[in-house]
Amino acid sequence: MLAKEKALKFLKTKMFLSIKIIKIILFLISLYPISSFANNLQMEEQAYKWLKTYIEIDTTNPPGNEIKAVNFYKNIFMKEGIKFNIAESAKNRSNIWARIKGGNKPAIILLQHTDVVPVDLNYWDTQPFKATEIDGHLHGRGALDMKGTGISHLASFIKLHKNKKNLNRDVIFLATADEEAGGFFGVGWLIDNHPEIFDNVGFVLNEGGSGRIVNNKLVFEIELTQKVPVWLKLIATGNPGHGSSPQSSSSVTKLIDALHFLKENPFPPRIIGSVDDYFTGLSDIVSSEHSSDYKNIKKIIKKDDFIKKLQARSPFHHSLTRDTCSITRLNASNKINVVPATAWAEIDCRILPDKKAEDFIKNITNIMKPFDVKVEKIMAFSSASSTTETTLYKTIKSSLEELYPDSFIIPRVTTGFTDSHFTRDLGIQSYGFNPIIIPLTEFRRIHGNNERINISAFKKSILDQYKIIEKFVYD
Ligand SMILES: [Zn+2]
């Protein structure tokens, strides 16, 4: 009897102790930094925490102050034991990169810019640099452009690092300054000053495409190329004089005539291959009344009334069909009764990427000659495109087909520009893509007011992005 009781007591104590030990182990696990990424939930939650901190770092460009974002990444890398490099292109304009070594296949860069565009506080309902949760959205400048994507790159990168499995290629995390002002203190500067980052790099994953819902259809757009900015100044000169005695011609009248000509879109439409592919992709998604026009865009574009209607309905789609110039800045006299000797305008031209900027400038210089208006180049990029015929494009596509079997996946041409033109110039296949699904209405908040990201869509994109990258870097 006594022995039985003793044994029971012993067993009870043992059970009690082992429960206590299990509790202690669980407690210790919970103390371990949550970025242990032991499961999907932890990865999502850690990424979301990072995003909230990152949004609160004010990297408005100008002036940029990207050093603050770089310090944020630096602290994470130090905690995780990841080696990194930092380079400053100008005071407080820092760039950071880190590399996980892998096999000999061409490396991939996960590229993000850390700066954001300025805000107009009068139109914001929340503090733009305070991560604020409202109705399932996280509000803050940069949530979509592109701190959300930046954190998604970080999460994938940290996860690859923690896995300690052999990669088939190097994976490079690169966070750069100044994209919002042209990238000349960021990627542009790094190419000249740290070319080693780009050695043996075959691929870049950057911003520029995502998932969206159009006419109740889920579509993913992977950006391959963009229109090329050619920013020009038009200058007219003439006799100055008094406003009370108008001359038959002056700097101002010459400029007005020239701009009037430009306003009428003198550039004939031409459908290049990538735009044709994009419209074919869109034909499955646009409403049925436009579907066949989009499918036959090459033919239908020649009808004069079509192109005007297209511009009225979708300025974005219209601008993919030709070179364009927007008249954005004007300057003439600084006094109402003085006819100035000089008047100028700045025009934002975007040309299709099958043409060289120099040829376009020559052409527009000739066009302006009869108006006695001179053309000066302010800025122009060179033109380059990526293709759908690469392993990265195919990996993105096949991953999306597995994740979202009913979705439409189309190669995108865009009218804006990102840092991808720098890397495309180096011959690196560069894709603008993040698998996050964003409702169409959210896009106008980018560079606008009350920018925000849907929290559950963000968390899902963290896992989806990792699935794509994982498929690409493990054999
Ligand atoms: Zn951006």
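I'd like to compare 414-426, 260-272: which one has the highest average count of other Cβ atoms within 10 Å, and what's the full order after that?
Numbers: 414-426: 20.7, 260-272: 14.9.
Output ranking for 414-426, 260-272: 414-426, 260-272.
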#### Entry: At 0.890 mPa s and 25 °C, Stokes diffusion of region 414-464 via Kirkwood alpha-carbon radius, µm² per second
187 µm²/s
### Query
Beyond 14 Å, what percent of the Cα pairs of region 226-317 remain?
75 percent
#### Entry: Chain lengthening between Asn296 and Arg270 when straightened (0.36 nm per residue, less Cα-Cα)
8.1 nm
#### Entry: Gyration tensor (alpha-carbon) shape descriptor, region 317-372, a/c threshold 1.5
prolate
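If you add up the charges near Glu402, with Lys and Arg at +1 and Asp and Glu at -1, over every other residue whose beta carbon is less than 13 angstrom from its beta carbon, what do you get?
Numbers: positive: Lys394, Lys397, Lys467, Lys471; negative: Glu401, Asp406, Asp464, Glu470.
Local net charge: 0.
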### Task
Let me have the relative contact order for region 125-254, percent, based on Cα pairs under 8 Å that are six or more residues apart.
9 percent
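Stokes-Einstein diffusion coefficient for region 98-237 at 10 °C in a medium of 1.306 mPa s, Rh from the Kirkwood formula over Cα pairs: what value in µm²/s?
Values: Rh = 17.9 Å.
My calculation gives 88 µm²/s for D.
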## Note on the structure
Cα extents of the chain per principal axis, largest first, Å, are 124, 50, 46
#### Entry: Overall dimensions of region 269-341 as given by Cα atoms, namely Rg and Dmax in Å
18.2, 57
## Note on the structure
Between Gly241 and residues 5 or more places away or on another chain, the pairs with built amide H atoms under 5 Å apart involve Val339
### Summary
1/(1 + (r/R0)^6) with r = Cβ-Cβ of Asn215 and Asn337, R0 = 51 Å, i.e. FRET efficiency to nearest 0.05, evaluates to 0.35
### Query
Which of the listed residues, Ile347, Cys325, Ala258, is farthest toward the dipole's positive end in region 245-369, when Lys, Arg count +1 and Asp, Glu count -1 at the beta-carbon?
Ala258
### Query
For the cross-link pairs Lys217/Lys459; Lys227/Lys374; Lys147/Lys460, which exceed 18 Å when the distance is taken from alpha carbon to alpha carbon?
Lys217/Lys459; Lys227/Lys374
### Query
Hey, what angle do you get for helix 391-403 against the long axis of the chain, alpha-carbon based, 0 to 90 degrees rounded to 10?
60 degrees
### Query
Where the only charges are on Cβ atoms (+1 Lys, Arg; -1 Asp, Glu), what is the dipole of region 337-475 about its Cα centre, to the nearest 20 debye?
200 debye
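Taking the highest mean first, how do the peptides 90-98, 209-217 order by number of other beta carbon atoms within 10 angstrom per residue? The partial results should precede the final answer.
On the way: 90-98: 20.7, 209-217: 16.6.
My ranking of the peptides, most packed first, is 90-98, 209-217.
Could you compute Rg(Cα) / (2.2 N^0.38 Å) for region 303-348, with N its residue count? Write out the running numbers ahead of the final one.
Numbers: Rg = 16.5 Å, N = 46, 2.2 N^0.38 = 9.4 Å.
After normalising by residue count via 2.2 N^0.38 Å, the value is 1.75.
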### Query
Hey, can you rank 124-135, 169-180, 392-403 by average C-beta count inside 10 Å, highest first?
169-180, 392-403, 124-135
### Summary
Projected onto their principal axes, the Cα atoms of region 150-228 stretch, largest extent first, over whole-Å spans of 45, 37, 21
### Query
With labels modelled as points extended 7 Å from the Cα through the Cβ direction, what inter-label distance (nm, one decimal) is found for Met78 paired with Gln42?
2.3 nm
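Grab the other residues whose beta carbon is less than 12 angstrom from that of Pro411, score K and R as +1, D and E as -1, and report the net. Numbers along the way, then the final one.
Numbers: positive: Lys394, Lys397, Arg412; negative: Glu221, Glu223, Asp276, Asp277, Glu389.
Once all neighbours under 12 Å are counted, the net charge is -2.
Compute the length gained on full extension between Thr415 and Lys467: take 0.36 nm times their separation in residues and subtract their Cα-Cα distance, giving the result in nm to one decimal.
Taking Thr415 through Lys467 to full extension adds about 15.8 nm, to one decimal.
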### Message
Please compute the modelled spin-label separation between Ser249 and Lys9, points set 7 Å along Cα→Cβ, answer in nm with one decimal.
### Response
11.6 nm
### Query
Just how far, in whole angstrom, is region 61-110 from region 217-243 if you go by their alpha carbon centroids?
32 Å
### Query
What size of dipole, in debye to the nearest 20, comes out for region 273-417 about its Cα centre when the only charges are +1 on Lys and Arg C-beta atoms and -1 on Asp and Glu C-beta atoms?
580 debye
### Calculated P(r) of region 383-475 - Cα pairs past 18 Å, %
56 percent
### Query
Which percent of Cα pairs goes in each bin when the distances of region 307-406 are cut into 5 angstrom slices starting at zero?
2, 9, 12, 14, 13, 14, 11, 9, 5, 3, 3, 2, 2, 0
### Query
When the chain is fully extended, how far beyond the present Cα-Cα distance does Gln127 get from Phe443, taking 0.36 nm per residue of separation?
111.8 nm
## Note on the structure
With +1 at each Lys and Arg Cβ and -1 at each Asp and Glu Cβ, the charge dipole magnitude of the chain around its Cα centre, to the nearest 20 debye, comes out at 1560 debye
### Query
Out of Ile222, Gly136, Ser248, whose Cα points farthest toward the positive end of the dipole of region 129-271 (charges: +1 Lys, Arg; -1 Asp, Glu; placed on Cβ)?
Gly136
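Relative contact order for the chain using alpha-carbon pairs under 8 Å, separation at least 6, rounded to a whole percent?
Numbers: 887 pairs, mean separation 106.3, N = 475.
Dividing the mean separation by the residue count of the chain yields 22 percent.
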#### Entry: Net charge of Cβ neighbours under 9 Å - reference Thr225; Lys, Arg +1; Asp, Glu -1
+2
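Where a number appears in this text, it was derived from the coordinates with a stated rule and is not lab data. This is a predicted model, so every value here is computed, not measured. In this analysis, Cβ positions are derived from the backbone assuming ideal geometry, glycine residues included, and neighbour counts consider all displayed protein chains.
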